[in-house]
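Reviewing the structure listed below.
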Amino acid sequence: MNFIIHGSAGRMGQNLITAAEKSGHTVAAGIDIFYKDHPATAAFPTFPEIADCTVTADCIIDFSNHMTTVPLLSWAMDHHIPVMLATTGQTEEEKAFIETAAKTIPVFRASNMSLGIATLVSLVKTAVCMFPDADIEIVEKHHNQKLDIPSGTALTLAEAVKSVRAEAEFVIGRHENGKRRKEEVGIHSLRLGGVVGEHEVIITTGNETITLKHEAHSRAVFADGAVLAAAYLAECEKPGIYTMDDLVATCK
Ligand SMILES: NC(=O)c1ccc[n+]([C@@H]2O[C@H](COP(=O)([O-])OP(=O)(O)OC[C@H]3O[C@@H](n4cnc5c(N)ncnc54)[C@H](O)[C@@H]3O)[C@@H](O)[C@H]2O)c1
């Protein structure tokens, strides 16, 4: 397969180049506004913006900035290329555009490309079902350059809780005085040095506590998952939104 890497000069973009080549795939082109500063991308054509790209590919892998989501998907629709969208932090309008694009092309969407996180999501649902009255708190830690708060993965974990506890109400960064309400689920974001990504869901009845935690040791885990998902997506013929659940189903 060959891929266009959107955000190729970024932290994830650089890991993706390695992951794609390690898996026997080819990088057809890189897109990045800082492309000239990164000699590692010299092995393939690079363009500053998607609108400048003259190359086609089996799939686009996007790890860039949410502000590029609309122009990227528009270009992909015009060229009939599936998009593996790993960038997080989209606005409500950008999320609505993803839904629109998915009517024309296959779009894979995952706030976290790690198979470990997919497993964590499943374990969280089981534990929340088991303890319907327990207090739940979600804690995420990332490096101090991360733009979005809370992380996309913390929101995915919140959705997992909500899917089995409809009354859950999420409080991002609790800061007011007063007792914690029963239906409240806190989401807490810590920004520390170079932390790659840690997510913890704490579930306690008062008598016992379950702590479910995932720790990414290196960005390679996201890059490997993204390449796997892109190769899967490139073979999906039907337009639509594809997720980690679809990918995990192929691994079973
Ligand atoms: N889904 C996942 O598993 C996962 C994992 C890690 C990071 N992310 C997300 O991926 C995104 C990128 O993360 P990163 O750590 O690599 O960030 P980064 O800042 O290191 O890299 C982003 C790159 O995108 C480029 N870029 C920005 N706007 C552009 C545009 N208009 N056209 C072309 N290139 C543009 C930047 O120049 C930069 O090189 C973030 O949204 C992050 O939250 C997702």
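The values are calculated or read from the model by the stated rules, or taken from the named source; none is laboratory data. A quick note: this is a predicted structure, and the numbers were derived from the prediction, not measured. Cβ coordinates were reconstructed from backbone atoms using ideal geometry, including for glycine residues, and neighbour counts include every protein chain displayed.
So the values come out like this:
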{"read-out": "Qualifying residue in the stretch 82-91 (condition: in the same structural domain as TYR232 (by TED's automatic domain parsing), over 19 Å from LYS238 (Cα atoms) and either more than 9 Å from the ligand (Cβ to nearest atom) or free of Cβ contacts under 8 Å to residues at least 40 places away in the same chain (or both))", "value": "yes"}
{"read-out": "Condition broken by LEU155, with the remaining ones in (1) more than 24 Å from ARG181 (Cα to Cα); (2) within 17 Å of the chain's Cα centre (by Cα) satisfied", "value": "(1)"}
{"read-out": "Verdict on ILE172 being out of contact with any Pro (no Cβ under 7 Å at 6 or more places or on another chain) and not polar (S, T, N, Q)", "value": "no"}
{"read-out": "Residue within the stretch 98-118 that is within 12 Å of the ligand (Cβ to nearest atom), without any contact (Cβ under 8 Å) to a residue 60 or more places away in the chain, farther than 18 Å from TYR232 by Cα and in contact with a helix residue (DSSP H, G or I) (Cβ under 7 Å, 6 or more places away or on another chain) present", "value": "no"}
{"read-out": "Hey, ALA43 assigned by TED's automatic domain parsing to the domain that holds LEU247 and away from the ligand (no atom under 11 Å from the Cβ) or not", "value": "yes"}
{"read-out": "Scope the stretch 44-71; condition of a type in the set (A, V, I, L, M) and under 24 Å from MET113 (Cα atoms); matching residues", "value": "ILE50, ALA57, ILE60, ILE61, MET67, VAL70"}
{"read-out": "Failed criterion for ASP246 (all others in (1) of a type in the set (D, E, K, R); (2) assigned by TED's automatic domain parsing to the domain that holds PRO150; (3) surrounded by fewer than 18 Cβ atoms within 10 Å (Cβ to Cβ) hold)", "value": "(2)"}
{"read-out": "Failed condition for CYS59, given (1) free of Cβ contacts under 8 Å to residues at least 60 places away in the same chain; (2) buried (at least 19 other Cβ atoms within 10 Å of the Cβ)", "value": "(1)"}
{"read-out": "Helices (runs of 4 or more DSSP H) (entirely within the stretch 66-179) containing at least 1 residues that are on the phi > 0 side of the Ramachandran plot and crowded, with 20+ Cβ neighbours inside 10 Å", "value": "none"}
{"read-out": "Answer from VAL185, VAL128, VAL171, VAL124 - the residue that is under 19 Å from the mean Cα position of the chain (by Cα), of a type outside the set (Lys, Arg), more than 16 Å from the ligand (Cβ to nearest atom) and within 24 Å of ASN207 (Cα to Cα)", "value": "VAL124"}
{"read-out": "Residue pairs meeting the criteria (Cβ under 7 Å; at least 6 apart or on separate chains; first crowded, with 21+ Cβ neighbours inside 10 Å, in the stretch 8-20; second of a type in the set (Phe, Trp, Tyr))", "value": "SER8/TYR35; ALA9/PHE34; ALA9/TYR35; MET12/PHE63; MET12/PHE222; GLY13/PHE63; LEU16/PHE63; ALA20/PHE3"}
{"read-out": "Residue within the stretch 81-95 that is among the hydroxyl-bearing types (Ser, Thr, Tyr) and modelled with pLDDT of 95 or more present", "value": "yes"}
